[in-house]
Amino acid sequence: MKVCLITESPPNGMFRVRLDTEDLIRGSISGKIRRSFLRILPGNRVKMEVSRYDSTRERIIY
């Protein structure tokens, strides 16, 4: 689990996220957050979980 910063939120549901190591990756919202209708905006700090299959994509879990 990593703490990251949202830098951009395009309208397709994916987010561009900056890690603490200054890397930019793409992340999507987990189902629990999607059901709760939480709003994620650029500048928010979020916790992410790494995908086992593709390390460039992660899932926002909190």
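The values are calculated or read from the model by the stated rules, or taken from the named source; none is laboratory data. What you see is a predicted model, and the numbers here were worked out from it, not measured in a lab. Heads up, the Cβs are rebuilt from the backbone with ideal geometry, glycines too, and the neighbour counts pull from every protein chain shown. Each accessible area value is taken on the protein alone, full model and side chains, heavy atoms only, with ligands, DNA and RNA left out. Shrake-Rupley method; radii C 1.70, N 1.55, O 1.52, S 1.80 Å.
Under unit Cβ charges (Lys, Arg +1; Asp, Glu -1), what dipole magnitude, rounded to 20 debye, does the chain have relative to its Cα centre?
Computed charge dipole of the chain: roughly 360 debye.
With every protein chain kept in place and ligands, DNA and RNA left out, what is the accessible area per residue of the chain? Probe 1.4 Å, answer in Å².
Ligands and nucleic acids excluded, the result is 76 Å² per residue.
Considering only protein heavy atoms and a 1.4 Å probe, what is the carbon-and-sulfur percentage of the accessible area of the chain?
Ligands and nucleic acids excluded, carbon and sulfur give 51 percent.
Just want the answer: with Cβ charges of +1 for Lys and Arg and -1 for Asp and Glu, which residue in N44, S55, G31 is farthest toward the dipole's positive end in the chain?
G31
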